[in-house]
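The values are calculated or read from the model by the stated rules, or taken from the named source; none is laboratory data. Please read these numbers as outputs of a predicted model, since none were measured by experiment. We place every Cβ from the backbone using ideal geometry, glycine too, and count neighbours over all the protein chains shown. Heavy atoms of the whole protein, side chains included, go into the accessibility calculation; ligands, DNA and RNA do not. Shrake-Rupley method; radii C 1.70, N 1.55, O 1.52, S 1.80 Å.
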Amino acid sequence: MLAGRHLLEPADLTVEEMEEIFSLAEKIIVDPSAFSEVCHGKILATLFFEPSTRTRLSFESAMLRLGGKTLGFAEASSSSATKGESLADTIRVVSSYTDIIAMRNPKEGAAVLASKYSSVPIINAGDGGHHHPTQTLTDLLTIRAYKGGFSGLTIGVCGDLKFGRTVHSLAKAMSRYPDNKFVLISPKELQIPEYITEQVFKKSGVEFVEEERLENVIGDLDVLYMTRVQKERFFNEQDYIRLKDSYILDKQKMKNAKPSMIVLHPLPRVNEISPEVDDDPRAAYFKQVKYGMFVRMALMAKLTGSI
Ligand code: NCD
C-alpha cells in the first residue's frame, strides 16, 4: 500500500512497489488524458531550499497534469527560513495546507527530519549529496524503456561520484536487481563514498571496478550515466576548477561505444557531454526528462491515494 507513505530514499520502496509505479507510469504515457483528473482537489507543495529547474517544474507539471494544484517556493530566501524558522515548523505548517510535499534541501538528512513532522507524504527531491529517489525512478523507467529491464547490465557512472546524489541513489536501486556490474569512472578525488562500495555493492554481491579514464571502458558499457561536477558542494573553488572538465563525452569517444549503449544524464549538463552527441540515437538524456515527469505523476497518484 503506497498511499500516505514518504519517499526519502530508493530503499523505501520494495522492488514490487517500484514495479507498481513503473507500470502505472507506462499506462499514463500511453493515454495521459485518462489520468487528467485523478488528483483533482489535491495540492502539492514544492519546497525548494536549493535551486532547481527541472525537478521542481517536473513535480509541478506532473501534479497539474493529474488535475491537482501546486504552491511553494523556489529558493530558501523566499521562505520563513530567513526569519529563522525551523524546518520542523515549516513542515508542520505546510502539511496543514497541502496533500503532499516535494522538498529539496542542501542538508543531508533534511527529508528524514521533515517526515517526522509532516502529516502528509514527503518526497525527497534531493538532500545535499545524499539521495534523490525520484531521479532514480526516472533513470530506471528510462533504462526499462530502452533495455527492457534492470538485469544483466554493465552500468558506467562517470564524473562526480563523491557528491553526486543521483549516482548514490542509482547505485542503491540497481544493486537490488541481479547480474548488474558497475564501472565507476572518476578522478581519485571524486570517487564514490565508501559506504556505497562497502554497504551497497559488497553487501548485495554487485561486481564493480574503479577506473579513471572513460576511454578505457566505454566499449564495455550498456548504460553510460554522465554527471556534472557538483560545484556547490566543493569547499574550494580551485579544486572545482581543476576537476570540472575531467570528462567530456564527445563524438570521438562515442565511436568506441556499443551501438546499443545509452547515455543518461540527470541534467543540468555543464561541459561533460558535448552538444555534438545530442543527435546520436544513443543520447537518451532529453527523453529521460519526459520519463521523469510521467514517473512523478505515477508516484504522486499513488502516494496521495488517488489511484
Ligand atoms: C541533479 C540533482 O539535483 O542532484 N539534477 C536533477 O535533479 N535533475 C543532478 C545535478 O544537479 O547535477
Answer from 247, 195, 225, 240 - the residue that is open to solvent by less than 10 Å² (accessible area, probe 1.4 Å), within 21 Å of residue 166 (Cβ to Cβ) and not hydrophobic (A, V, I, L, M, F, W, C)
225
Residue 280 is checked against (1) open to solvent by less than 60 Å² (accessible area, probe 1.4 Å); (2) in a loop (DSSP other than H, G, I, E, B); (3) within 14 Å of the ligand (Cβ to nearest atom) and fails just one. What number does that condition carry?
(3)
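Please enumerate the residues belonging to region 177-192 that are open to solvent by 70 Å² or more (accessible area, probe 1.4 Å) and either out of contact with any Ser or Thr (no Cβ under 7 Å at 6 or more places or on another chain) or assigned to a helix (DSSP H, G or I) (or both). Lay out the reasoning, then the answer.
Residues of region 177-192 that are open to solvent by 70 Å² or more (accessible area, probe 1.4 Å), as a first pass: 178-179, 188-189.
Correct list: 188, 189.
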Exception for residue 270 within (1) within 16 Å of the ligand (Cβ to nearest atom); (2) under 28 Å from residue 152 (Cβ atoms) falls at (2)
Among the residues of region 251-267, which ones are over 15 Å from residue 159 (Cβ atoms) and part of a strand (DSSP E or B)?
262
Selection status of residue 263, open to solvent by less than 60 Å² (accessible area, probe 1.4 Å), modelled with pLDDT of 95 or more, over 18 Å from residue 187 (Cα atoms) and among the aliphatic types (A, V, I, L, M):
yes
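Let's see how each residue does on (1) open to solvent by 30 Å² or more (accessible area, probe 1.4 Å); (2) in contact (Cβ under 8 Å) with a residue 24 or more places away in the chain; (3) small (Gly, Ala, Ser):
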residue	(1), (2), (3)
140	no, yes, no
156	no, yes, yes
164	no, yes, yes
167	no, yes, no
174	no, yes, no
199	yes, no, no
In region 218-232, the residues that are part of a loop (DSSP other than H, G, I, E, B) and within 16 Å of the ligand (Cβ to nearest atom):
227, 228, 229, 230
Can you say whether residue 40 is touching a Lys or Arg at 6+ places or on another chain (Cβ under 8 Å), open to solvent by 10 Å² or more (accessible area, probe 1.4 Å) and not polar (S, T, N, Q), as far as the supplied structure shows?
no
Looking at region 257-273, I want the residues that are of a type in the set (D, E, K, R) and have a partner that is part of a strand (DSSP E or B) and within 12 Å of the ligand (Cβ to nearest atom) with Cβ atoms under 8 Å, at least 6 apart or on another chain. Which pairs are those?
269/226; 272/226
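Give the residue, chosen from 56, 65, that is of a type outside the set (A, V, I, L, M, F, W, C), modelled with pLDDT of 95 or more and touching a Lys or Arg at 6+ places or on another chain (Cβ under 8 Å). Step through it out loud before you land on a result.
On the way: 65 fails: touching a Lys or Arg at 6+ places or on another chain (Cβ under 8 Å).
After applying the criteria, what remains is 56.
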Go through region 68-93 and count every residue that is open to solvent by 20 Å² or more (accessible area, probe 1.4 Å), of a type in the set (A, V, I, L, M, F, W, C) and in contact (Cβ under 8 Å) with a residue 24 or more places away in the chain.
6
I'm trying to understand the selection: among the residues of region 110-127, which are in contact with a helix residue (DSSP H, G or I) (Cβ under 7 Å, 6 or more places away or on another chain) and of a type outside the set (Val, Ile, Thr)?
110, 113, 114, 117, 118, 119, 121, 124, 125, 126, 127
Which one is nearest to the ligand (Cβ to nearest atom), of the residues in region 117-127 that are touching a strand residue (DSSP E or B) at 6+ places or on another chain (Cβ under 9 Å) and part of a loop (DSSP other than H, G, I, E, B)?
121
List the number of the failed condition for residue 235; all other conditions in (1) at pLDDT below 95; (2) part of a helix (DSSP H, G or I) hold.
(2)
